[in-house]
Every structure is written in C-alpha cells, then in structure tokens.
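Shown next, in structure tokens, is the structure this report addresses.
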Amino acid sequence: MSEPTTATAATTEDRRLAHGPGRLLLLLYGVFAVGAASRSGYQLATRFDEAPLAYLLSAVAALVYAVITVCLARGGERSRRVGLVGCGIELVGVVTVGTWSVVDPGAFPDATVWSDYGLGYLLLPVVLPLTGLRWFGPFTHRRTAGTAD
C-alpha cells in the first residue's frame, strides 16, 4: 500500500473534528439543535404572546447549536474557527440568560434552553460550550503542512 498523498492527509486532518469525542459532541449538538428548533418553532407559532423573549432566545440557541453541528460535521480550519466562535457565543448566552433568569425570574415566564444555566437539560447547555471550546481550540487540532481551507 502506498503512503497517503498530502491531499489525503489534509482531508484526514480536516475531518478530525467529528472523530473520537467529536462524534459525541456532534450527536449532542445535533440533538440540541433539533430539540431547540422544534420547541421554539412550536412556541413562536402558537404561544408567542405568552413569553416572546424566552421563545426568541430558544430560537437563537437553536441557530447557534445548528451552526456548531455543521462545523463539527464539515471539519476543516474554517469550520474549526466558526465553531470556536459559536461555542463562545453559546457560553456568553448561557451565562447571561442563566444569570438573568436567576436574578429576575419574572423576566422569563417560560423557560429557555439557557434558563437557570440549562438546569432543565441537566446543565448540558453550560457543559457543551466549555467542551466545545476545548475541542475546537487551537491546540486540539494541529493543521498539517499544506492544509488550506
């Protein structure tokens, strides 16, 4: 068998985002994207006047989860950078909404995915971005020479 070409090695390196622990992240982010989108879509369509802020924030969370899911699935340097930014936005959202929902519970008549730091989801909404930041981080996936995206 011959040695892999530089292009093959680069493609293998680019895909590492969804290998090993990245597969679990891909699965979890995919489930959260579908769940948050379904929930917020239904709430926005049928009960928007009850808690518009909460439902819109859940839709934002769904969008962030979807972007991170796509980044994990695609791989590559650009996806790594976008995923890193997405996880940062997610963490800021979880901390902001989590703190806001604890300090002023009346601001959220209905919970969002990020309310109470994701307590309704076993705190996964606060654990996922921390794990994602580590996974997408610059020292987790070293680029091979000649890899471009």
Checklist outcome for this item: In whole percents, the bins of 5 Å from zero upward hold the Cα-Cα pairs of the stretch 17-136 as 2, 13, 23, 24, 18, 11, 6, 3, 0
Checklist entry - What FRET efficiency, computed as 1/(1 + (r/R0)^6) with R0 = 35 Å and r the Cβ-Cβ distance, is obtained for ASP104 and HIS19, rounded to the nearest 0.05? => result 0.25
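Tell me the net charge near GLY106. Cut-off is 15 Å between Cβ atoms, GLY106 excluded, with +1 for each Lys or Arg and -1 for each Asp or Glu.
Numbers: positive: none; negative: GLU50, ASP104, ASP110, ASP116.
Net charge in that neighbourhood comes out at -4.
Readers should treat all values here as calculations from the given coordinates under stated rules, not as data from a laboratory. All figures in this text were calculated on a predicted structure; none of them were measured in a lab. Ideal geometry is used to build each Cβ from the backbone, glycine not excepted, and the neighbour counts take in all protein chains shown.
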